[in-house]
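Just so it is clear, none of the values below were taken in a lab; they were calculated from the coordinates. All values derive from a computational prediction rather than experimental measurement. Using ideal geometry, Cβ is built from the backbone for each residue, glycine included, and neighbour counts are taken over all protein chains shown.
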Amino acid sequence: MHSSMACTITPPAFRAGVFEDMEGEDNRRGFERDETDTFQQLVRHLVADGDRRAARAGHRARRTLAEMIPGYVSPPLLTLAAPAGRAR
């Protein structure tokens, strides 16, 4: 005879306290700058430098692809096709 005891394991009650504590600590620290700020500062510096160099040469800095490569035709970003298994 084989007997088994059904053991019911109840998970511990959910506590949001840990996450609330972490969120509260983060909120107390306030706004934190990240690495994108440094990158944006570098880009602004490079743009200003390029504008100064272009102005000294009597030109205007190119901003769009059409200005940089006149006549360039970009390939389509999306090509529509028939769904798999169905021929047109």
Here, chymotrypsin sites (Phe, Trp or Tyr not before Pro) of segment 23-87 satisfying both criteria (DSSP loop; at most 12 other Cβ within 10 Å) are Phe31, Tyr72
Under the rule rounded for a/c under 1.5, else prolate if a/b exceeds b/c, else oblate, using alpha carbon gyration tensor axes a ≥ b ≥ c, segment 17-88 is classed as oblate
